[in-house]
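In what follows, a structure is listed as structure tokens, so that the remarks can point back to it.
Just so you know, all these numbers are worked out from the coordinates, no wet-lab data involved. All of these numbers come straight from a predicted model, not from anything done at the bench. FYI the Cβ positions are ideal-geometry reconstructions off the backbone, even for glycines, and counts take in every protein chain you see.
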Amino acid sequence: MVNRSPAPTKAVAALGRLEPAGDIRVLAAPITGIGGSPRITQLLVAEGDRVSAGQLLARFDNQDNQRAELNLIRTRISNLSRRLTIQQRDLGRYRKLASDGAFSAADLDVLEQRTLELQGQLLEARAALVKASTDLVNTELRAPMNGTVLRIHTRVGERPGDKGILELGASDRMEAIVEVYESDIDRVRLGQVATLTSENGGFSGNLTGRVSRISPQVRQRDVLSTDPTGDADARIVEVRVVLDPDDIARVRDLTGLKVIARLTP
């Protein structure tokens, strides 16, 4: 009887696309008091730009009005503070006169009531200042994290819609979303080495990574082959491949690029 060694396991080939491995956030405009969004007056970034946390990305058309309201409230606080200082000084003097019998208790009550009203108005103005300061911050869009501008949905002069203003991806880490045919998924495992090439020459050479997650769900494919005879209705399992750190810088600005993955057995 001839012993036959088992046939070697074949590598798995699949199509995929590059994406940031960190957060992808859709940044929206603030909602104004009338329930709508302000228009964009300045857009300070373009798709593919690298941005830092706190960097100014856009300004809205309600900024001038909000600055004017803020200055008005500050002026009101300054006036109320001066009036209250004078009122409290007078109240102290009239309290002494009232204790000496030279000023009526009824008139003193009126002065004390006016002082309390001024104190209340000053507290309300200071609360309004906090709100106006917050509203002024919301007349600008700033980056919540370091990342790359992936897509811009709203341009200067437009009001943001349901898609928000732009998408920001934390691309300090990159991964490939690989769509493995359901018939091949039994040959894929966590930690498996993957080699990636660009289907259309978006980058030269190969990228290397490892399988970090295998989806438990089988679904239809999203990444279509350039082969017109390809099966668009094929059932696939989504596999995530985290790129090696040395390769990330080469493709950080290539989010969405189509790749061919070869998963080594």
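See the values below:
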| item | result |
| --- | --- |
| Nearest-ten-degree value, helix 63-99 long axis tilted from longest Cα axis of the chain | 30 |
| For the stretch 64-137: relative contact order, % (alpha-carbon pairs under 8 angstrom, 6 or more apart) | 52 |
| Label corresponding to Rg and Dmax of the Cα atoms in Å when calculated from the structure given, among (i) 18.7, 61; (ii) 20.0, 61; (iii) 32.2, 128 | (iii) |
| For the stretch 93-135 and the stretch 39-67, distance of Cα centres in Å | 43 |
| Fewest-first ranking of THR115, THR148, using other Cβ atoms within 10 Å as the exposure measure | THR115, THR148 |
| Packing rank of 55-61, 241-247, where each peptide gets the mean count of other beta carbons within 10 Å, highest leading | 55-61, 241-247 |
| Förster radius 25 Å - calculated FRET efficiency between ALA128 and GLN88, Cβ distance, rounded to 0.05 | 0.70 |
| Inter-probe distance in nm under a simple model that places probes 7 Å from Cα toward Cβ, at ASP23 and ASN138 | 1.9 |
| Principal-axis tilt of helix 105-137 within the chain, Cα atoms, nearest 10 degrees | 20 |
| Mean separation of Cα contacts under 8 Å, 6 or more apart, over the residue count of the chain: relative contact order % | 32 |
